[in-house]
1. Six or more apart or on different chains, Cβ under 6 Å: which pairs go from a residue in the range A:82-96 that's more than 7 Å from chain B (Cβ to nearest Cβ) to one that's modelled with pLDDT of 95 or more? Could you list them?
2. Any residue in the range E:23-41 that is touching a residue at least 12 places away in the same chain (Cβ under 8 Å) sitting within a Cβ distance under 7 Å of a residue that is surrounded by fewer than 15 Cβ atoms within 10 Å (Cβ to Cβ)? List the pairs, counting only those 6 or more apart or interchain.
3. What number of residues within the range C:55-74 satisfy the criterion of being farther than 25 Å from residue A:5 by Cβ and over 13 Å from the mean Cα position of the chain (by Cα)?
4. Does the range C:32-55 contain any residue that is closer than 24 Å to residue B:8 by Cα and in contact with a helix residue (DSSP H, G or I) (Cβ under 7 Å, 6 or more places away or on another chain)?
5. Which residues, counting only those in the range G:75-94, are in a helix (DSSP H, G or I) and farther than 27 Å from residue I:78 by Cβ?
6. State all residues of the range J:62-93 that are in contact with a helix residue (DSSP H, G or I) (Cβ under 9 Å, 6 or more places away or on another chain) and farther than 25 Å from residue J:11 by Cβ; if no residue qualifies, say none.
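The values are calculated or read from the model by the stated rules, or taken from the named source; none is laboratory data. Just so you know, these numbers come straight off a predicted model, no measurement behind them. Positions of Cβ are generated from backbone atoms using ideal geometry, with glycine treated the same way; all protein chains shown enter the neighbour counts.
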C-alpha cells in the first residue's frame, strides 16, 4: 500500500553541529536500510529546501507510522501523509 | 529531470456527461502515451479525491509545461509543481 | 485499517430540489449499507454545517477510494482523509 | 454529547527527556482512566504525526474543557474541537 | 450550554430580489422567535459585512444543529461554531 | 459601542510558574473590575483552548485599545477585534 | 473614530456592461458625497487590483456599517474592517 | 508616491525591559522626524494589537525601503507593503 | 522603478472560444508593445500553470496600475504586486 | 533553465552581530560570484522586507539546489522555488 510522505526538516539553530551530524548520519543509515527493504520506495530532495518527497510501500497505516517513528529526525520534521492508490490510467505495474 | 506534479480536477457540474467522458478518455490516452514514452514516470490516485500525484521526467521546465498543456483536462485542474532532485540518501538509481 | 474522513457537501444552488432529494436518498441508502457491512464504522454530523466526520475500516487505501467513489454526492463533496492507527494509550479493542 | 477533538503535541526540544517521559506517563494514565470512565470514547494516532484524533462523550462543553485541562500535555498541544451530533443516516446506536 | 456561532451570508447574485426578500423575512421571523425562546441569546451584525456573531444557549450540540437547520438562509451561509463554557474570571451569572 | 474580542494566550514554556500565577491573578482582578464597570460585557472560555471570546462595550476604538493594554497578559496574547453593531433582527435591548 | 476599510470588488463576469457602468457611476457619486461630508476621509486605489484602501471617520461601528450598506457595489465586495485609534507617536492632529 | 505599510511588532519576551524601552524611544523619535519631513504621512494604531497602519509618501520603492530600514524595531516587525495610487473617485488633492 | 507582478489567468469555462482567442490575441499584442517600450521588462510563464511572473519598470505605482488596466485579461486575472528595489549585493546595472 | 526563487531571511535575534556580519559578508561574496557566472541572473530586494526575488539560470533542478545550499544564510531562509519557462508572448531573447 502506497503513501506519499512529505518531510520538511527544521533543526533548531541551537543544536550543536556534532549532534546534528550524528542525527543525520543515523537518519541516512535507516533511510537506506528502509529503501533496501522496499518499504521506502522513492526518496527525492525538493529543490531549494531541506525537505523531501517520498513514496512508502507498507502493509498499512500502522507500519507507516512505526517506520517514521524510527527516524531520528522525526521530532524535527513537519510530516504530511497522503494515502495513494492505483490510478486507473497508470500503465506501470509497480504504481500499485 | 524530475518534477512532482499534483493535479486536482474540478469539472464544472454543468458539463454534459458526454463531454466529460470524452475529455477523460482523451486524457487517459494521452496520459498512457506519456507514460509509455517515459516522460510521465509515476501516476497515483489520491485516496478519496479526484486528484493525482505524479512524477514527470523531462528535459526541463519548458517540456514539462508543454506536456501538461496537451492534457484536455488542463483548463479544469489546479496544478502544483515541485522541482525535485536526487536525494543524497537515495539508493535507487532511477531516483535521479 | 482505519481512516478518518471529513466530508463537506456543497450542492449547487441551481440543482433542482427533486434531483437533490434523489441524490440524498441514494447516498443515505449506500451509507447505511456500508455501515451494516462494517466498512463505515462511525458517522457523525458536524453541528451547524452540512458536513460529517466519519471513521472507515477498510482493507486499504484502494478500498477506501472505491467506496467513496460509489457515493452519489462524491462530486459535490470536499473530502479530507487522515490515515489512523492504533494509539498506544488506547484501551478500546476496536480502536484498532 | 459527542465532540471530535484533534490534539497535536509540540514538546519543546529543550525539555529534558526525563521530564517528557514523566509527562507522557501521567498523560497515558489519565487518558486510560478517562477511557475507562466512558468520557474519552475513542483515541487514534494520526499516522506519521505526534497527534491524535479523539471522540469525547461528555455532559457538555464545560466538562469537555475541564477534562482536557487535566491532561499534563495540555500546555503543549494545539487542540481543535468540533461539536458533533447524531447523523440522520447513522445506524449505530452509540453514534449518539 | 453556550455556543458562539458566526454566520456569513452569501446569496447568489442570480437570486431574484423577491426570493431573497422572502427568505430574509422568514429568517428574521424565525430568528426573533428563537431569541424570544431564549435559545438565541445574542445577535450582532459585524460592521461592514453581511455577517453576524451570535450566542446560542441550547441543551446540546444536537439542538444547536437542529435550530440552525431551520433557518431559510442556512444553505447560503458559512457557519463557524465554537463551544463555549463559563470563564473562571467571569462575574456575570448568565455567562454560564 | 460593542466589539467582539477573541484572545488566545500563549505563555512561554520558560516562564516560571510563580510569575505566570502572578500575571494570571492580576489579569483576573483587572478583568473582573472591567466587568463590574460594564466595559467588559461578556467573557467566555473557548472549550479546549486557553482562549476566550469577549464582548466589550466601550466609548470607541481608543478606549478598547487602552483597556486591552492594561491587561498583564497582553504581550502574550493573539487578539482579534471585530466591530459589532446592532442587528436589525435583534430583539434584545442590550445587543446595542 | 477612524476605521481602515479594504474593499475588493468582484463583479460577476455575466453582469451586462450597462449595469456595471450604472452601478459604478452611482458608487462614485455616493463615494464623493461621503468624502465631501468628511465621513470617507481617504480613498486610494491598490496598484494592480480592482480594490481600494480607505479611511472612514465616523461616529461609531453602526454608522460605518450603515454607510457601507449604501454603496451599490456592497453585494459584490469583500470588505475588511480594522478599528484604528490614535498612535502615541503620531504628530498629525487629524490622525485622531 | 503613496504606500500603505502595515507593521506588527513582535518583541522577544526575553528582551530586557531597558533595551525594549530604548528601542521604542528611538523608534518614536525617528517616526516623528519622518512625519515632520512629510515622508510618513499617516500613522495609526490598530485597536487591540501592537501594530500600526501607515501611509508613506516617498519618491519610490527604494526610498521606502531605506526609510523602513532606519527603524530600530525593523528586525522585530512583520511588514506588509501595498503600492497605492490615486483613486479615480477621490476628491482629496492629497490622496495623490 | 521595478515591480514584480504575478498574474494568474482564470477564464470562465463558459466563455466562447472565439472570444477567448480574441482576448488573448489583443493581450499578446499589448504585452509585446509594452515590452518594446521597456515598461514590461521581463515576462515568464510559470511551468504547469496559466500564469506568468513579470517585471515591470515604470515611473511609479500609478503608471503600473494604468498599464495593467489596459490588459484585456485584467478582469480575469488574480494579480499580486511586489515593490522591488536594488539589492545591495546585485552586480547587474539594470537590476535598478 | 530559469527559476524564480524568493528568499526571506529570518536571523535569530540571539545571533551575535559579529556572526551575522560574517555570514552576510560571505553570502554577498558568493551571491556576486554566482551573478558573475551568469547562474544568478537577477537579484532584487523586496521593499520593506529582509527578502529578495531572484532569477536563476541553471542546468536543472539539481544545480539550483546545489547552488542554494552553498549560501551561508540557507539555514535561516524560507525559500520558494517556481519553475519558469519561456512565455509565448515574450520578445526578450534572454527570457528563455
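1. Note: pairs meeting the criteria are A:96/A:86.
2. Close Cβ pairs (under 7 Å, with a partner that is surrounded by fewer than 15 Cβ atoms within 10 Å (Cβ to Cβ)) amount to E:30/E:70.
3. 0
4. no
5. Scanning the range G:75-94 gives no hits.
6. Hits for the range J:62-93 are J:83, J:84, J:85, J:86, J:87, J:88, J:89, J:90, J:91, J:92.
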